[in-house]
Each structure stands twice: as structure tokens, then as C-alpha cells.
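Asker: Below are the C-alpha cells for one structure; questions will follow.
The values are calculated or read from the model by the stated rules, or taken from the named source; none is laboratory data. Note that the structure is a prediction, hence the values are computed from the model and not measured. Counting neighbours? That spans all protein chains shown, and the Cβs are built from the backbone with ideal geometry, glycine included. Please note that ligands, DNA and RNA were not included when accessible areas were found on the heavy atoms of the full protein model with its side chains. Shrake-Rupley method; radii C 1.70, N 1.55, O 1.52, S 1.80 Å.
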Protein chains: 2
Amino acid sequence: VTTSLTQLRIDRERLLSRLDALGEIGAIDGGGVCRLALTQIDGEGRDLVVSWMHDLGLRVEVDGVGNVVGTWPADRFDAPVMTGSHIDTVATGGRFDGNLGVLAGLEVLETVIRAGVETARPLAVAFFTNEEGARFAPDMLGSLVFAGGLPLEVALDTVAIDGAVLAEELDRVGYVGTLPCPARPPRAFVELHIEQGPILEAEGVTIGVVTGVQGISWHELVFSGQSNHAGTTPIDMRHDAALVAALTVVAVRRLTETTPGLVGTVGRIDLHPDLVNVVAARASITVDLRHADDDVLTEAERTILEQVGEMAAAEGVTFESSRLARFEPVTFDPAVVGLVEQVAVEHGHTARRLASGAGHDAQILARVCPAAMIFTPSVRGISHNPAEYTEPEDLEAGANVLLDVMLRLAGAGGDQSRGGDGS
Amino acid sequence: VTTSLTQLRIDRERLLSRLDALGEIGAIDGGGVCRLALTQIDGEGRDLVVSWMHDLGLRVEVDGVGNVVGTWPADRFDAPVMTGSHIDTVATGGRFDGNLGVLAGLEVLETVIRAGVETARPLAVAFFTNEEGARFAPDMLGSLVFAGGLPLEVALDTVAIDGAVLAEELDRVGYVGTLPCPARPPRAFVELHIEQGPILEAEGVTIGVVTGVQGISWHELVFSGQSNHAGTTPIDMRHDAALVAALTVVAVRRLTETTPGLVGTVGRIDLHPDLVNVVAARASITVDLRHADDDVLTEAERTILEQVGEMAAAEGVTFESSRLARFEPVTFDPAVVGLVEQVAVEHGHTARRLASGAGHDAQILARVCPAAMIFTPSVRGISHNPAEYTEPEDLEAGANVLLDVMLRLAGAGGDQSRGGDGS
């Protein structure tokens, strides 16, 4: 890569304008977005991004689970240096999250194409199906299928929280493609994402050099007690499923307070029959635990289940636990991580190494190719919320680091390296 | 009342057969009933009971909030000795609950009519709208309007948990009547009901002589925190509405353990956005507190709100509290209570005085006339549950005590006392 190539820069206004346009699809009050995976709204978002890919002359391919890959040059079939993310959101999501990674990737390719630059490896930008897990479990479902971590037929049978079947929803939005999956691995994968946490902003750092991703454990716990009249049942004769659910919420919080680095969240609680004057017969909750060390995470899971067992027994309530998702901690490729840090410093930015607290498609791609991530600061650490925001100059800085990292990974020149990586 | 009158007995099979027939309307798995107030199913139940009233030749009258009163003799307009209850159920209710009080009342009137007995006062059986409070708040809404405790126009504007407006639902099921409300008070009111608690069964007692009703306090608490990503938000920067809701559930239980006679229940919890990997921005719960002493109940309300305030402040969560319902403890008329006890003993039953833990229409009627209640045992104390059950011989015993108490309150003979209570 020549010096002139590393001086290429993306067009901030073009990137912001695409972020605005995509943010209009599924827009909700407060500047947020509701674009749950494979809903009609998600289909509209997909169509818009695909139209931009076509406008740039990319080869647009869709696989069997609806992952979309745009490649430049369109006639190059050797393994690309890939970037990308996802465009699905949680129900009360923000406008940045996965959208930034996809549209910054598009911006990188447009910058390269407009500059007439040829690289030794092709470049690609992808968006993956159902990263959020807000509609279908597990999260990162599309990239898992892409990387061979989940059989296609299992993914297609997945049932949404609203009862819809993934294969039918995929067909309805028109994203059943023919690209085989698992896919042939890219040459490398680099994802730009907002931090979704408060660390970069708090430390005044512009570029987060992501060293890996925390392990993630999702469980559903269903407590079964006995419904009874709230006025006539003495306290010591109750089998109150809601009480044990509440004790579990508190136990999760207490465990995070005594286990450094552990985060834990109960984000869902559903009672049945859910009436003012009836002791709950059934309570269902989810427990989300995360830690960068797999042993600590496993021990946290064990501790919570043990405490739940004791609390449930004391109330005469039974419970069932089922694992919804489990991702081991991921360590990104040291060479690519080092490259991200080097480019960030060369661009004159403050940079800081950190682990991601959230799951990302890059951690799945890391199973099959060298991968890393670039974080930009999140104002007040807010994400998965309409108030999610990142300053335009930070978006620009992150996209330029992505551009330069991809160019260096792809290598200078054109034809001389075609086919150099075999298949 | 002559000795021969006190030897009148109800027809157990006829009573059981009506309980069965009404239990078929809205029947759910496990032998239960879902007949939420003023739904189409409730309308079908009403139509059946009204048809039975007409079969007996009662004068059937409906008031502006859908309360139904059947009076015998049909041409007597002086204040009756009244019994009754309600036929609405909770979503997962049993077949007895209010239905027993209505159908036992019908059975009492049929027994009297078939025996050709004339009483000094007319007899009446009523069923009141929305006693459960499972669809519209407050509970005991119909009897409240009947007794002048809630303006008719306020009741008609009430919005159900499903968004329906009471006046429209009343019209849809065809129960907008012309009987004025508040109604002219009955001469006396006696209600037969299952205990809905475990005390009578545990002590081997057949007839509960109800001395009064615990005070009831319903609050809704809505906690507002901040939704954020479950993986990236450090624990000490969270404003987790679900945690404060859970701490409140636990605080309610702890308070009942240190306050003798207090029962407390959180039967509803709703989170928003209710997603696995998003810290809850909002949590809404209900708190049901009951005690026989109004001062203790008031102090319990104050203590919970104080604790909630402290717990919410510690998490940086705000909350709003709104009162959904508040009923002071009720003491039933000593003379009628004594009569219930006397008749139970004369009938050869074991009897025990106790306070009701549940709210009942009789406590509202007690505001305007001498009132009392008769309890029959609930197997395993279960109610508001499809498994709710009372032995047939206990139902029969209770209905016969009701018959005899009503006959003694109504007085012997016919014309000599007509008009004796003026208006």
C-alpha cells in the first residue's frame, strides 16, 4: 500500500446522509429505530442497503439465511478483506449500532472505487441476519450460520418471540439466497462499531482497539408455584413464583457486586396469571451474564443456579432452567488488533485497547479468519436506546481507520495477487 | 318464623346442577372458569342466571351498572332481605367463588317458593358487576355503585386492562338497566361464599361465621430507569427499573414477615422493553396489602413507599405510585353475625368466627344495611385457580344456613308486615 493510498479519506457527509436515510426506516419517537430482524421494516432497510450496493457496482450475493455480501470488484471471486455488521435493531434501538458498521463499510468501498484504487485482494461489505437476538434466538444467528457455527436448517426452523418461523419470514422479505453457507472464509474481517458503553467517552479516547469479546451466557428460568388468592392465603402457605423470580433478580445483582468484571442483567420478567390479587403461579425470567474469562463465567452460572435452587426450595416453588445462548470469550487476531492500533495512532487519534462487553458478528467471523474490531465512543455510554449517539467527527475517525486498515490488509496493486490465496 | 319453617332444606342436587351448568360457560382446562366481567362469556353467564330467575317468577331488575336483582314475591316493592354475590371470575378462576353465593341464593328462593312459604319481608337474590377487579378497577365496582360508594358515571367511564370502556361493554352484553343506583338499601344482606383460604379445612370446621373483612390496599408502582446494553454498561452506572421492582417484591414479603396479620402480594410485573439483553427502562408492578386493622394497613403502605423511595434513589430510578383501590376494614353487623352462628350451631355444624381475607360485595352492602357472611371450607385453601373445590356436603350445609338465616331475618307470615319498613 503506497503512502498515497493511506491518505485516502471517506466522505463524512455521504456517510451521515446514509445513516440518516436508513434511520428513517422503522424510526420511532426520540430518534430511535425499531427494525426487528426479518420484519417488513427490516426488509425495507435491506432493500435500501442493497440498492446502494448495486449503485456502487458491487456483486451482491445472498446466502440461505439472508446474509448479504457486496464485493468489489464484482468479478473477483477470491477471498476478500471483509467488513460489515448488521442492520436489525432491538425494539427500542438507536440509529448507529450495527448500521454504522455496514454503512461505513459501504463508504470505504465507495471511497476506494471513486479513487480508482486497485487492491491485491477484493473488498467486501456484509450485513448479517438477526444479530440482535431481539426477535429470534440466538443472537448473531446469521454470522453463526455464515461461519459454520449453526446448521442452516436449524436456523431456518427458529421460532420468533412473536411465533413466526425464520424461514417463512426470510421468504416473505425476499432474502432467501443461493450463496452457500457455511461460506468460504474471507481473507480477514474488521468491524467498526459504536462502543455501546461509557469507557471511551469517560477517558476522552477516540478509537477503541478491541482485543476481544466477553463471554455471554443467556438462560431462561421458569418458576412454577401455585396461584392462590392474595387476601386469604397465609404467607407461610404460599408458593409464590414471582417472589422467587424477584429474589433471583436481586441475587444476580449481588453476584456482580462480588465478582470483578462480571455483568449480569434480568431484562425479561413475565408472570402468570399476572393479576393484582392472585399469587403468581408461574414466573419466567431471562438471565444475561458476561465475563471476559470463561472460567469465571461458568462459575457465575453455577452460583446463580445454586442460589436459585435454594430460594425456590424455601418457597416450595420448582424451576426449570434452559440455556438460550452461550458464547465463549473471544480473543481477536493479535496482528489485526495491532494494525488497528497502529493506524489509529498514525491518524493522530487517541487509542485504547479494551474488550467488548457486547456480542458482535466479528467474534463469530474470528472462528474462520483473522478478525478485529474498531470502536468509536458512545455519548453517555447509551445504546439499545433511541438516545444512542456518536459525534460525527468520531464516526468519521472510525470509518477512516477502517478504510486504512482494510487497504493495508488487502494490499496494494491489482492483478499480481489475484488468486494468490487459493480457495 | 315457625319451627316448620326452620326445618326447610334446600335441594343439594339442584344447587350442584346449576353450579355445573354455570361452570360450563367460560370453562377452561383443569375444571376452572375464565369469565372476566362484561366479556361476551360473562354476558352468556348472566343470561343463564337471569333465565333461572325468570323461571322462578322473580321480578328481575337491572341497574345502570349492570347489577341484577331478582325479587320474590315479584309484586312486593318494600325492602327485601337480600343475598347474592357475583358471577364474574378472574382469568384462571374456579367454579365456586361468587357463583356459589348467587346460585345458593337462587336455591334459597326456589326452596321457599316451592314450599309455598310467605315471609314478612320480600326475599331477593342479586349478582353484582365486576366484583373481581380482574378486568376493571376497582374490584367490587358494581356493589360500590349499588351502595352509593362510587358515582355511576365514574364507573361507566372505567377502562379495562384490555382498553375497553365499561359503559360500552355493558351495552354490548345488554345489561344497561333502569333500576336507579345508588339503590334503595335492602332490609339486610347475607352472602354465602367459599372461604378461599385454608383455615376452616385445617381446623375441621364446616361453617365460617364471618365477623368482618380485612382492609385492602392496591397500589401500582411505575419505576423509570434507563434502558441500556446489558453487556457494556458497568453495574455501577445502571439505572435498572427491573432491579428496583424486584427489590420491592422482596420488601413486601419481608414486611409481611415482621407485621403480624399482614398479607402482601405482588401479582403483576411488566417490564419495558422486556428484552434479554437490554436493562429495563421501565417496570410496573402492583402491590396488594391487607390487614384487619386500618392503622396497621396504613402504616404498612407508608413503610413500603418509604423503602421503595430509598431503593429507587440508590439505583437512580424514579417512581410514581398510584392508588388503584383502598377499602377500609369492615365489621359486620353483630346481630346478623350472631344469627349466623346460632343457626349454624342449631343445624349441628361446627362453627368458627373469622375475618375474611378477601374482599366481598357484602362488605360494601354493610355500608347501607345490616350485613354478614357465611363461609364454607375450601379444599387446600385454593381459590382463584381451576383447582378451587368445596365438598358438596359443605355447599349444602352453607346453603341451608343461608336459607334459615334469611327466613329468620325476613320474619314469618305475609301481609301483616308489608310496608312495615317504609322507605
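Asker: How large is ³J(HN,Hα) for each residue in the range B:55-66, as worked out from phi by the Karplus curve 6.51 cos²θ - 1.76 cosθ + 1.60 (θ = phi - 60°), to whole Hz, x for Gly and Pro?
Answerer: 3J(HN,Hα) across the range B:55-66, in whole Hz: 4, 7, x, 6, 7, 9, 10, 10, 9, x, 10, x.
Asker: For B:Ser284, what charge total do you get from the other residues with a beta carbon under 10 Å from its beta carbon, if Lys and Arg give +1 and Asp and Glu give -1?
Answerer: Combined, the nearby Lys, Arg, Asp and Glu give -1.
Asker: Once you place label points 7 Å from the Cα toward the Cβ at A:Ala412 and B:Arg14, how far apart are they in nm?
Answerer: Going from the A:Ala412 label point to the B:Arg14 one covers 10.6 nm.
Asker: Moving on to the next point. Count, for each residue of B:155-165, the Cβ atoms from other chains sitting within 10 Å of its Cβ, then give me the mean as a whole number.
Answerer: Going residue by residue through B:155-165 and averaging, the value is 0.
Asker: Could you work out the relative contact order of chain A? I mean the mean sequence separation of Cα pairs under 8 Å and 6+ apart, divided by the number of residues, in percent.
Answerer: Relative contact order of chain A: 24 percent.
Asker: Stokes-Einstein at 20 °C, 1.002 mPa s, Kirkwood radius from Cα pairs: D for the range B:163-274 in µm² s⁻¹?
Answerer: This corresponds to a translational diffusion coefficient of 107 µm²/s.
Asker: Students often get this wrong: which residues of the range A:42-59 have the backbone nitrogen under 16 Å from the point 7 angstrom along Cα-to-C-beta of A:Asp75?
Answerer: Only A:57-59 pass the distance filter.
Asker: So what is the relative contact order of the range A:144-289, in percent, for Cα pairs below 8 Å that sit 6 or more residues apart?
Answerer: Across the range A:144-289, relative contact order equals 22 percent.
Asker: If you don't mind, there's one more thing I want to ask. Only residues of the range A:267-300 count here: report those whose backbone N is under 14 Å from the spot 7 Å along Cα→Cβ of A:Thr258, or say none.
Answerer: So the set is A:300.
Asker: Once you average over the residues of A:350-363, how many Cβ atoms of partner chains fall within 10 Å of each Cβ?
Answerer: Counting Cβ atoms of other protein chains within 10 Å of each residue's Cβ and averaging gives 1.
Asker: Probe 1.4 Å, all protein chains in place: accessible area of B:His54 in Å², nearest 10?
Answerer: 110
Asker: Residue-wise, which Karplus ³J(HN,Hα) couplings in Hz belong to the range A:340-352, taking 6.51 cos²θ - 1.76 cosθ + 1.60, θ = phi - 60°, and x for glycine or proline?
Answerer: 4, 5, 4, 5, 4, 5, 4, 6, x, 9, 6, 9, 8
Asker: Now, a different point. ³J(HN,Hα) across the range B:303-314 via Karplus (A = 6.51, B = -1.76, C = 1.60, θ = phi - 60°), whole Hz, x for Gly/Pro?
Answerer: Those phi angles translate into 4, 4, 5, 5, 5, 4, x, 5, 5, 5, 4, 5 Hz.
Asker: On to the next question. Could you give the nm distance between label points at A:Asp295 and A:Ala202, where each point is 7 Å from its Cα heading toward the beta carbon?
Answerer: 2.7
Asker: Also, I was wondering about something else. Using a 7 Å offset from Cα along the direction of the beta-carbon, what are the separations from A:Pro234 to the same position in each other copy, nm, ascending?
Answerer: Result, one decimal in nm: 4.9.
Asker: Show the residues, 5+ positions off or on another chain, whose built amide H is closer than 5 Å to the amide H of A:His239.
Answerer: Excluding prolines and chain starts, which carry no amide H, the hits are A:Gln226.
Asker: Across the Cα atoms of the protein assembly as shown, what radius of gyration and what greatest pairwise Cα-Cα distance (Dmax) are found, in Å?
Answerer: Values for the protein assembly as shown (Cα only, Rg and Dmax): 34.0, 120 Å.
Asker: With the calculation restricted to Cα positions, what are the radius of gyration and Dmax of chain A in angstrom?
Answerer: 22.9, 84
Asker: Please compute the Kirkwood hydrodynamic radius of the range A:1-78 from all pairs of different C-alpha atoms, in Å with one decimal.
Answerer: Computed over the range A:1-78, the radius equals 14.8 Å.
Asker: List the equivalent ellipsoid semi-axes of the range A:12-147 in whole Å, largest first, each obtained as the square root of 5λ for an eigenvalue λ of the Cα gyration tensor.
Answerer: In descending order, the three semi-axes are 25, 18, 11 Å.
Asker: Treating the beta-carbon of each Lys and Arg as +1 and of each Asp and Glu as -1, no other charges, what is the dipole magnitude of the protein assembly as shown about its Cα centre, to the nearest 20 debye?
Answerer: Dipole size: approximately 140 debye.
Asker: What value, in deg cm²/dmol to 500, does the helix sum -39500 (n - 2.57) over DSSP H runs of n ≥ 4 give at 222 nm once divided by the residues of chain B?
Answerer: Result for chain B: -11000 deg cm²/dmol, rounded to the nearest 500.
Asker: Along its principal axes, what span do the Cα atoms of the range A:257-369 show, with the longest given first and each in whole Å?
Answerer: 64, 30, 29
Asker: For B:Leu179, what is the net charge nearby, where nearby means another residue's Cβ is under 9 Å from its Cβ and Lys, Arg count +1, Asp, Glu -1?
Answerer: Charge balance near B:Leu179 sits at -2.
Asker: In angstroms, what radius of gyration and Dmax does the range B:336-409 have, counting Cα atoms only?
Answerer: Final numbers for Rg and Dmax: 13.0, 35 Å.
Asker: Between B and A, which B residue has the Cβ nearest their rotation axis, distance in Å?
Answerer: Nearest Cβ to the rotation axis, residue and whole-Å distance: B:Ala246, 2.
Asker: With 5 Å bins from zero, work out the P(r) of the range A:72-129 over every alpha carbon pair and list the percent per bin.
Answerer: 4, 19, 24, 21, 14, 9, 6, 3, 0
Asker: Something else now. On alpha-carbon atoms, Rg over Rh for the range A:306-379 using Kirkwood Rh?
Answerer: Over the Cα atoms of the range A:306-379, Rg/Rh equals 1.25.
Asker: Looking only at other chains, what is the average number of their beta-carbon atoms within 10 angstrom of each beta-carbon in B:247-259?
Answerer: Mean partner-chain Cβ count within 10 Å for B:247-259: 3.
Asker: Ok, one more. Would you kindly work out, in nm and rounded to one decimal, the distances from the label point of B:Pro73 to those of the same position in each other copy, ordered shortest first, with label points 7 Å along Cα-to-Cβ?
Answerer: Nearest first, the other copies' label points are 10.8 nm away.
Asker: What are the extents of the Cα atoms of the range A:118-181 along their three principal axes, in Å, largest first?
Answerer: 47, 21, 19
Asker: Still on this structure: Hey, what's the Cα Rg ratio for the range A:268-332 versus the globular rule of thumb, 2.2 N^0.38 Å?
Answerer: Rounded to two decimals, the normalised Rg is 1.41.
Asker: Under 10 Å, Cα contacts only: if you run a Gaussian network model on chain B, which one of B:Ser51, B:Ser217, B:Ser143 comes out with the highest mean-square fluctuation?
Answerer: Between B:Ser51, B:Ser217, B:Ser143, it is B:Ser51 that shows the largest mean-square fluctuation.
Asker: Between the label point of B:Gly163 and that of the same position in each other copy, find the distances and list them shortest first in nm, with every label point placed 7 Å from Cα along the Cα-to-C-beta direction.
Answerer: Spacings between copies for this position, smallest first, are 1.7 nm.
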